[in-house]
Structures are given as C-alpha cells and as structure tokens.
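Chemist: Quick one: the structure is below, questions incoming.
Derivation of every value follows stated rules applied to the coordinates shown; laboratory data play no part. Quick caveat: nothing in here was measured; it's all calculated off a predicted structure. Virtual Cβ from ideal backbone geometry, glycine too; neighbours counted across all protein chains shown.
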Amino acid sequence: MTNSEGIVNINAVDRVVIVGGGTAGWMAAAALSRYFDNGRRKIVLVESDAIGTVGVGEATIPPIASFNAMLDINENDFLRATRGTFKLGIEFVNWGRLGDRYFHPFGTYGQDLHGIKFHQLFLREAARGGPRSIADFSMSTAAAAAGRFGRPAPGAQSLVSQIAYAFHFDAGLYASFLRKMAEKQGTRRREGRIVRVHRNAENGDVTGVELDGGEVVKGDLFLDCSGFRGLLIEEALETGYEEWSRWLPMDRALAMPTANTRSPPPFTRATAHGAGWQWRIPLQHRTGNGHVFCSAYTNADDAETTLRDHAEGEPLADPRLLRFVTGMRRKAWNHNVVSLGLSAGFIEPLESTSIHLIQNGIARLFALFPEREISPLERDEYNRGMRELYEDVRDFIILHYKATQRNDTPFWRYVREMDVPESLTRKMALWRLHGRIFRENAELFSEPSWIAVMLGQNVWPDRYDPIADTLDEHRVASAMAQMREAYHRTAQGLPTQEEFLRQAGAWHEEGPTGAPPSPAPFASFHATGGFR
C-alpha cells in the first residue's frame with residue numbers, strides 16, 4: 001500500500017524477495033534472515049537450477065572476515081567447507097615494466113615514529129641511499145614471501161598482530177554454505193525461472209515475480225541478485241547503466257581451473273600480459289586461473305592460448321568465456337528494488353573487490369532499512385554511498401593501468417596515455433609532489449594500498465614530506481634496520497599455510513593437494529618494493 005506522497009507504508013515491507021542465488025543472493029539471504037526475520041517479515045529467495053552463476057570471484061579483501069563474524073561463522077569451519085586458503089595480499093607481475101614484480105600487502109608498513117608516517121621516513125632514507133624496498137617493512141609481505149601464515153591473536157603484542165588477511169575460496173561452495181545457514185534461519189527458497197515481472201500500475205513499484213509454472217511470488221522489497229542481466233533493476237525498471245570502459249577497457253574474461261602443483265601459497269598473483277592480465281588463486285583442492293582482456297586489442301583464441309601457456313597445473317575444465325562492461329547502475333536502489341553484485345555493476349577483479357561490493361551493499365541496506373516506510377531520502381542516501389564506493393574502487397583500479405611505464409603493445413600505450421578521472425589525477429599529483437596520500441570520505445583502500453601500487457610501479461615522489469627531516473637520521477636508520485630484521489625473523493618462525501590450516505582443523509581432508517610442500521614462492525626482493 002502506498003500513500004499520497006508515494007511512500008510505502010511499513011505494512012508493505014514485510015515480504016523481502018531476493019531474485020537470484022549465487023554469492024550475492026545467499027550472502028543477502030544469510031544476513032537478512034539472521035537480523036531481519038522478526039517472525040512477521042518473510043524472506044524468500046527465487047532461483048533456477050537451470051540458470052548458472054558466474055562464480056569466478058574467489059579472492060577477497062579483509063572486510064570479508066567482518067561479514068563472516070557478523071553471521072557468527074567459525075573461521076575454521078568456513079575454510080574447511082569452502083576449501084579456502086588465506087590471502088595476505090596480491091603479487092603483481094609485469095605491471096610497471098616487463099620483468100617487474102611487487103607485492104600489495106594487507107596491513108601496514110612499518111611503524112610511525114613520533115607521529116611521522118613511516119612511509120615518509122622510508123622515502124627520506126631512500127633518498128639518502130638507504131633501503132629502496134618498502135616491502136621489507138611489511139609483516140604480511142614477509143610472511144607471504146616465506147609462504148607462511150599466522151593468525152593474529154586479539155591483544156597480542158607480537159609482530160604477527162600486524163598481519164591482515166582475507167581469503168581465497170570456492171565461490172560456489174561459499175554460496176552453498178550460506179544457503180544452509182539462511183534456510184536454517186528461515187529463508188524460503190523457490191525454484192523456478194522468472195518469466196514476468198509484475199508492477200504497480202500507479203507508482204511503478206515491483207509487486208511480484210511470476211515463475212514459469214504460473215506461481216507469483218509477491219513482495220514489498222526486492223533484492224536483484226540476477227547477475228549481469230539485471231532482471232529487475234534494468235529489464236523491468238530500465239534504470240540505466242553508466243559505462244567506464246574508456247578508463248577500464250577490459251570487456252572479456254576466460255576462467256579455467258587447474259590442478260594444484262604444490263602446496264597453496266597465501267597470496268593471489270596478477271600477471272600482466274599484452275592486452276590484459278591473468279589471475280592465479282590457490283585453493284586447497286585446485287587453483288583458479290583466468291585471463292581478463294580487452295577484445296579491442298586481442299581475440300578470445302589468442303587470449304585462451306596465453307591463459308593455457310601461463311597456467312600452472314593440468315586444466316580441470318575448458319576455459320569459460322565471460323563478457324562484461326565495466327561500470328555501474330545509475331541507481332543501485334530504484335523504486336523498491338535494491339541491486340547487489342553484478343546486477344549493480346562490475347569492476348574487474350584486479351583487487352578482489354567484487355564480493356566486498358556485495359557486502360557493503362548489504363551493510364548499507366541494513367543501515368537504511370525502513371522501519372516505517374521506504375523513504376526517497378533514504379534511497380538517495382543509499383545510492384550516494386554506493387556511488388562513492390564504486391568510484392573509489394574504480395579510481396584505484398585505473399591507477400594500476402595509468403601508472404605503467406610499459407609501451408610494448410598498443411594496449412599499454414593506450415592506458416598509460418589516457419585521461420583519467422579528475423579525482424585520480426589529483427591523488428597522483430599530490431603523491432608526486434611530496435608522497436602524500438589524502439583519502440576522502442570512507443574510501444575502501446587505505447594509505448598503504450596506494451603506497452604499494454605507486455612505489456611498486458616505480459612512481460616515486462619528487463620529494464618526501466619535509467616534516468621527516470625533524471627526526472635524527474641515525475636513529476631512524478637504526479629503527480628501520482631493526483624493523484626489517486624483526487619482520488623477516490618473525491616470518492621465518494611461522495608455519496607454512498598448509499601446516500597452519502591442518503593444525504587449525506581448517507583443511508578439507510577429503511580433498512588434499514597431494515603435492516609436496518613448495519619452496520618459498522619468491523627468491524629475492526626487488527629494488528622497487530616487490531620481488532624478483
């Protein structure tokens with residue numbers, strides 16, 4: 001029921017319908033059924049077994065641990081059920097120049113001294129001929145370089161407490177894990193293909209979805225988790241899509257699983273090729289591989305050859321081709337439909353943000369969930385916040401391309417010379433002056449992330465912040481040497497990732513790798529802050 005001002009009354013928000021399963025749908029169902037099924041409100045998820053899900057996003061960023069904790073998910077149980085592994089960051093290969101390697105770690109670099117940021121002291125020492133690898137001052141990087149892992153303990157004073165981590169997991173198994181939880185908490189699943197969307201003739205709101213068997217699932221608030229199709233948000237409501245391909249021209253991806261050849265390392269790898277890049281995501285039972293590429297600069301056959309030539313291990317299936325257009329819906333919440341996941345937009349998975357965008361969309365909906373009415377003001381606030389998040393992620397991904405020195409292919413010449421959003425232009429200019437990073441609003445990527453990519457791709461500032469000169473150079477040099485040694489020593493004392501998972505009871509024993517433990521995945525540190 002709608003009043004004369006177009007506001008939906010509280011009685012009309014008792015039926016929440018989630019359209020589509022997969023990661024987005026079951027994340028939403030698990031969260032909503034835990035916190036919003038008050039006995040009166042009903043949560044229904046509609047999906048069809050005949051419609052596949054994309055399911056290639058198997059790498060995450062640290063906030064996923066907060067989402068799981070919110071649902072009271074035991075971390076070891078979750079890892080075992082999803083064949084998951086830990087992720088300490090991403091190794092980037094061939095991004096600055098051909099042959100370059102650097103590591104984007106989770107967590108911080110070093111320790112600030114007397115209120116002065118560590119990276120400014122590092123820049124000062126580098127300018128004086130000191131260490132030029134900031135990777136030496138990251139606990140997460142040191143552990144990744146050794147192929148080791150330690151879980152931080154609350155309140156611990158050890159350097160292990162500086163480790164930040166996320167996960168690699170099988171997205172299909174994660175959806176199944178959440179489905180069991182959601183159904184146990186009261187979510188009702190309806191099997192069927194949607195053939196028609198019913199709308200209110202007066203205000204245009206969606207009132208129900210009709211299945212191929214004739215059943216109409218009625219609702220008051222709808223979550224569109226139908227993937228790229230955008231069954232409700234686009235096909236029914238014609239919300240519109242804002243395309244960002246001029247900055248992020250990738251539009252195809254090939255995904256292919258392979259057998260493990262060694263014990264899984266605790267990091268993702270992103271290797272740049274002539275017209276795109278390749279991911280490697282190690283799980284307990286297999287390795288996820290994929291090649292994201294731009295069809296304007298290469299074709300699917302050549303992209304598949306590149307993927308197969310560089311993938312480790314025996315392929316377990318043929319590559320699957322996905323098509324996409326980078327961008328976002330003009331409104332993530334339109335009428336009484338909230339879009340989540342691929343329905344809301346898509347930014348290539350270079351920094352593993354896809355699942356976080358779902359998580360943030362759910363959290364933002366929780367913060368604005370109507371108590372007595374669906375208010376246009378709250379809808380606008382939701383859309384404003386989601387736009388800020390998508391644009392922040394967009395800029396950080398663009399940085400990886402814009403900050404290259406490669407000119408060996410037409411693709412890399414295009415991205416290094418292209419104009420970028422003013423928001424990114426300003427950040428890069430401020431960095432080049434004095435190595436300063438200014439974050440606005442509630443940006444997802446923290447200062448160390450920007451520093452990792454800038455230095456890793458050889459973008460050094462002209463000068464460091466002059467405030468760094470207020471500290472005695474000998475004391476700073478001594479403190480940095482102690483930090484570097486402590487990180488290395490602590491990392492060597494940690495168990496390997498597989499040892500840790502097995503000791504914690506997080507290893508799925510029915511599907512071990514069967515591979516011998518691998519040597520340390522990196523041989524030596526690269527001078528620009530990565531690995532060689």
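Chemist: How high is the relative contact order of the chain, in percent, with contacts defined as C-alpha pairs under 8 Å that are six or more residues apart?
Modeler: Relative contact order comes out at 24 percent.
Chemist: Using just the helices of the chain, give the 222 nm mean residue ellipticity in deg cm²/dmol: DSSP H runs with n ≥ 4 each add -39,500 (n - 2.57), and the total is spread over all residues, rounded to 500.
Modeler: -10000 deg cm²/dmol
Chemist: Same structure, new question: Using amide H atoms built in the peptide plane, which far-off residues or other-chain residues are under 5 Å from residue 290 H to H?
Modeler: Counting only residues 5 or more places away or on other chains, the set is 256, 279.
Chemist: Need the list of lysines near residue 42 for cross-linking: C-alpha distance under 26 angstrom, and skip anything on the same chain fewer than eight residues off.
Modeler: Correct list for residue 42: 180, 184, 218, 331.
Chemist: I'd like the distance between the alpha-carbon centres of segment 150-189 and segment 20-83, rounded to an integer number of Å.
Modeler: Spelled out, the Cα-based centre of one part sits 11 Å from the other.
Chemist: How would 42, 427 line up from fewest to most surrounding beta-carbon atoms within 10 angstrom?
Modeler: In increasing order of surrounding Cβ atoms, one gets 42, 427.
Chemist: What percent of all Cα-Cα pairs in segment 252-323 falls in each 10 Å bin, counting up from 0?
Modeler: It works out to 22, 55, 21, 2, in whole percents.
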